[in-house]
Every structure is written in structure tokens, then in C-alpha cells.
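Notes follow once the structure below has been shown.
Every number in this text was worked out from the coordinates using simple rules, so none of it is lab data. Quick caveat: nothing in here was measured; it's all calculated off a predicted structure. Here the Cβ positions follow ideal geometry from the backbone for every residue, glycine too, while neighbour counts run over all protein chains shown.
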Amino acid sequence: RAEAAIGNDTGPTHLAAAAGCPTLTVFGGDSDPALAAPRGPVSAWVRQVPLSALTVEQVLAKLATLKRPA
């Protein structure tokens with residue numbers, strides 16, 4: 001029932017996406033989202049190298065693109 005989940009490439013993030021929660025995964029340079037991003041009906045990812053350069057505004061903008069299925 002969560003509005004959305006934001007996390008890195010970890011098990012709980014993958015579970016949230018698989019359960020249908022709108023999920024945004026944050027990636028740095030250590031893993032490839034094309035290979036490791038969670039799969040789910042409403043999931044997306046954002047990648048920034050270096051990760052420390054990722055801004056809250058970037059995360060919120062990407063999160064706003066996720067739409068829960070009707």
C-alpha cells in the first residue's frame with residue numbers, strides 16, 4: 001500500500017518492485033541497471049556517476065514519472 005519505494009540495488013527494492021509498488025532504484029557506477037534493475041509493473045531507475053552528484057530534485061522528477069496501474 002506504499003505510495004512508492006526508493007532504494008538502491010538490494011533485495012528489498014527488488015521485492016517492492018515485484019509486488020507492484022511503484023519503485024525507483026538508484027544506481028551509481030558499481031552495477032549496471034540494464035542487468036540489475038528490479039523488474040515490476042511500475043519500476044524505473046536513475047543512474048548518476050558519481051552517485052554523490054545525484055540530487056534530490058533528480059530523484060523526485062524521475063519518481064513523478066511512475067504511475068500506478070489503474
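Points worth noting:
- Ranking S31, L51, I6 by Cα position along the charge dipole of the chain, where only Lys, Arg, Asp and Glu carry charges on their C-beta atoms, puts I6 farthest toward the positive end.
- Mean separation of Cα contacts under 8 Å (6+ apart) over length of the chain, as relative contact order %: 29
- Computed magnitude of the charge dipole of the chain (debye, nearest 20; Cβ of K, R +1, Cβ of D, E -1): 300
- Between the amide H of A5 and those of T23, L24, distances stay under 5 Å, these residues lying 5 or more places away or on another chain, with hydrogens modeled in the peptide plane.
- Efficiency of FRET between T55 and R1 - r from beta-carbon atoms, R0 22 angstrom, step 0.05: 0.20
- Karplus-based coupling profile of segment 6-18, in residue order and whole Hz: 10, x, 9, 6, 9, x, x, 5, 5, 5, 4, 5, 5, with θ = phi - 60° in 6.51 cos²θ - 1.76 cosθ + 1.60 and x standing for Gly or Pro.
- Local electrostatic count at P33 - Lys and Arg +1, Asp and Glu -1, tallied over other residues with Cβ under 9 Å: -1
- Cα extents for the chain along the principal axes, largest to smallest and rounded to whole angstrom: 35, 24, 17.
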